[in-house]
1. Return a yes/no flag: does segment 203-213 have any residue that is open to solvent by 70 Å² or more (accessible area, probe 1.4 Å), closer than 29 Å to R313 by Cβ and modelled with pLDDT of 75 or more.
2. For G69, work out the one condition from (1) open to solvent by less than 70 Å² (accessible area, probe 1.4 Å); (2) on the phi > 0 side of the Ramachandran plot; (3) modelled with pLDDT under 85 it doesn't fulfil.
3. Being open to solvent by 30 Å² or more (accessible area, probe 1.4 Å), over 60 Å from the mean Cα position of the chain (by Cα) and within 25 Å of G80 (Cβ to Cβ) is the filter here, so list the residues in segment 128-151 that pass it.
4. Picking from F249, F255, which residue would you name as being at pLDDT below 70, within 19 Å of V305 (Cα to Cα), in a helix (DSSP H, G or I) and more than 25 Å from the chain's Cα centre (by Cα)?
5. Go through segment 94-125 and count every residue that is under 25 Å from Y53 (Cβ atoms), open to solvent by 80 Å² or more (accessible area, probe 1.4 Å) and modelled with pLDDT under 85.
6. Filter segment 323-334 for residues that are more than 18 Å from V389 (Cβ to Cβ), open to solvent by 20 Å² or more (accessible area, probe 1.4 Å) and without any contact (Cβ under 8 Å) to a residue 40 or more places away in the chain and give the result.
7. Inside segment 170-185, can you point out the residues that are without any contact (Cβ under 8 Å) to a residue 60 or more places away in the chain, within 12 Å of L20 (Cβ to Cβ) and of a type in the set (A, V, I, L, M)?
8. Give segment 437-470 a look and list any residue that's assigned to a loop (DSSP other than H, G, I, E, B) and over 20 Å from L393 (Cβ atoms), or say none.
Amino acid sequence: MSSIRSRLAVGYAVTLLLTLVGFCAAVYYELRKPSISGLDTQLAGERDLAVHYLSESYRVLGDLVPPGGSPSLDPGVAAGFQGLRDYLLIVDTTGSILYTSDSLAALPFADLQTFTGLLQPPTVSNRSVSVRLQSGRDVRATIAPLRTAGSSISAVLVAAPVDRSAPDASVFLRSMLLVAPFVLLASVFAGYWLSANALRPVQGIIDELEAITDGRSLHRRLEVPLAGDEVSRLAQTLNGMLARLEQSFSSLRRFTADASHELKTPLMVLRAGVERSLTDPRTPTELIESLDETLGEINRMTELVEGLLTLARADEGRAPLPVERTDLRDLVAEASETAGMLAESGRLKVTTVMPKEPVWVMVDRRRIREMLLNLVTNAIKYTPAEGKVELSLTARTDGAAIIVRDTGIGIASNDLPHIFERFWRADLARSRTGERPGSGLGLAITRWIAEAHGGTITASSRPGRGTTLTVVLPVAESQNESQLEVS
């Protein structure tokens, strides 16, 4: 469950499941509880029916207890109570039993005595009571004194087990077990659909933010939903943050461009003064070495300023590229010749591999020359003596590939993603103050040049085994010259 959408759907389903379980448990518990009021109503109806039947029988037949022998209800009258499910008890004025239903006669004698005790003469009154039998079973009984069925009959009792009033909870339980899986499955789909609709604006915000890859994309703004909910406030907050970032980046770019531009003239004056001093025969010999070191630092500072100015103009979209149809082999050959001269002092071997057929591209020759020079000087700088640097050009299906491969010190895997960042130096061996000084902008400018021409640049490296940098440029499709504005 890597998405909020999935977690919401599952959370919704789990919540619904727990709610259903709780609801079913409560209903099941309530269904198992007997309904005393309903049972009393049922028993009262049976009692009234029995009283009316005995009264009408007495009016028609007269005395309902035949004389002689043990007292009992007339068999013809008793036959009218056959098939009665509940307990029925009829007693005379002495409390003797005149009639018991079949269900009551089937009870133990102790339970029967419990019922007869309720109909003993001073306790007989019109009432309903709950009784626990000797067998442990709870029953509900309703009693009515009888004065309209002759002097032989005193009272009528109708009773039934209390648990008979409880609905059949097992039917409800089975029904819920059949329905619950379908309800749960439907809730999962409904939750997933609802969460998808709720989070659709968030996905739009994510897509817009992913499209903002660098400081030049900060002018983009997020679409604010009209709902006025939390997502709308989030989009408004992010838009405010993007506006502040855009302003900060713009101020930084202006400062970098202005500072670089203002530093160029003083550096040119300094270099001219130092160069005159170096060529002046009157300059003391002991100052020559210091002046030479000063000139080197001025040159490095000039290189840094030029690099900053180039990137600042690129960031602001003020670095036009006058492209022309060019055979890339010519520029690679120039870079190879320069690399050979630079490699002599380090006793390095430089090899060049190029195809026999022309490789036509639409490029700014000056910028591509600068890019190639950055690549080869970087390779030579970090390759120890007796090492090798290879410069190759191949025509591939995805474009013209320039590959610079060296056997130098290499770059650690965790540093590799950062080598095209401005001022990034992987370790002490690549420090600007170490044995291999530099501005830290060469590869950043190289990447900008490659991307400005619609190309790409990638790097692969292993510490101690060397580094490979690959630039792929689109091949030319026509001989028309054009002007590319970099934004």
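1. Within segment 203-213, one or more residues are open to solvent by 70 Å² or more (accessible area, probe 1.4 Å), closer than 29 Å to R313 by Cβ and modelled with pLDDT of 75 or more.
2. Among (1) open to solvent by less than 70 Å² (accessible area, probe 1.4 Å); (2) on the phi > 0 side of the Ramachandran plot; (3) modelled with pLDDT under 85, G69 violates only (1).
3. S128, P145, R147, T148, S151
4. Going through F249, F255 in turn, the sole match is F255.
5. Total satisfying the criteria: 1.
6. D330, the sole residue that qualifies.
7. Hits for segment 170-185 are L177, V179.
8. P437, G438, S439, G440, L441, P463, G464, R465
The values are calculated or read from the model by the stated rules, or taken from the named source; none is laboratory data. Small disclaimer: the values here were computed from a predicted structure and weren't measured. We place every Cβ from the backbone using ideal geometry, glycine too, and count neighbours over all the protein chains shown. Each accessible area value is taken on the protein alone, full model and side chains, heavy atoms only, with ligands, DNA and RNA left out. Shrake-Rupley method; radii C 1.70, N 1.55, O 1.52, S 1.80 Å.
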